[in-house]
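Please read the structure below before turning to the comments.
Where a number appears in this text, it was derived from the coordinates with a stated rule and is not lab data. Keep in mind the model is a prediction, meaning the values are calculated, not measured. Reconstructed Cβ throughout: ideal geometry from the backbone, glycine too, with neighbour counts over all protein chains shown.
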Amino acid sequence: MTHKETITAAEKVPKNKAFLLWELFKTFFILGGFTIGGGIVMVPLIEKELVKKKGWIKAEEFIDMMALIQSVPGVMTVNSAIIVGYRLAGPSGAMLSVLGGALPSFVVILVIASFFVRFNQYPIIQKFLLGARPGVVALLIYAAISLGKKGIRDKKGILIFVSGLLALYFLNIHPIIVIIVSGFLGYIIYHEGRVK
């Protein structure tokens, strides 16, 4: 492990509160502005920005945060902004992070809603959207691979993963139920492993 890897996430957080609040707003504004497809598509972007680039949270904490965000109602940008903003800078950090994350989509959707009927009929827009869809699929696959490498650590994790995937695909079970049941399975499987 290099010296750079041993630096904790807390040491990478700016000490100046005003600067930190600006960084939180700016970071989530960028994330909110460049996420086409929303939801899970944001995962690799959030991970790259918060874990790899800024080092504000550790990879393991990021996976836990994603599990929590998927288990509660709300938009991924807003939920992650609340958690990260609050953790780093308290209530003001949460509010500015949410504002930064929500503002770009609010403005864009407001403009699109104003011109939607005409906007959607332009061939260039239709072609752009046709090209953007495969890009969104690529981001989803990247997010799955990236999270899988960090979240599945052993055979027990593979068992929970496969069970969840089969439940989603073949039984059409709601993702929230899969997350909750996976959490319970993890508790049971890993708890029994510690007892033995």
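Annotations
- The sum of -39500 (n - 2.57) across all DSSP H runs of n ≥ 4, divided by the residue count of the chain, sets its helix-only mean residue ellipticity at 222 nm to -26500 deg cm²/dmol.
- Rounded to whole numbers, the Karplus 3J(HN,Hα) couplings from phi for segment 91-100 are x, 5, x, 5, 5, 5, 5, 5, 4, x Hz, using 6.51 cos²θ - 1.76 cosθ + 1.60 with θ = phi - 60°, and x at Gly and Pro.
- Of Pro14, Pro123, Pro44, the one that fluctuates the most in a GNM where the chain has Cα springs shorter than 10 Å: Pro123
- Potential lengthening of the chain between Asn172 and Ile189 amounts to 3.7 nm, from the contour at 0.36 nm per residue minus the alpha-carbon distance.
- FRET efficiency, 1/(1 + (r/R0)^6) with R0 35 Å, evaluated for Phe34 and Arg118 via beta carbons: 0.90
- By the rule of a C-alpha distance below 20 Å, with chain neighbours fewer than 8 residues away ignored, the lysines paired with Lys12 are Lys4, Lys26, Lys48, Lys52, Lys53, Lys54, Lys58.
- If only the Cβ of Lys and Arg carry +1 and only the Cβ of Asp and Glu carry -1, the dipole of the chain around its Cα centre is close to 320 debye.
- Farthest toward positive dipole pole in the chain [+1 Lys/Arg, -1 Asp/Glu at C-beta], among Val111, Gly93, Ala143: Ala143
- If the segment from Glu60 to Val107 were pulled out straight at 0.36 nm per residue, it would be longer than the present Cα-Cα gap by 13.6 nm.
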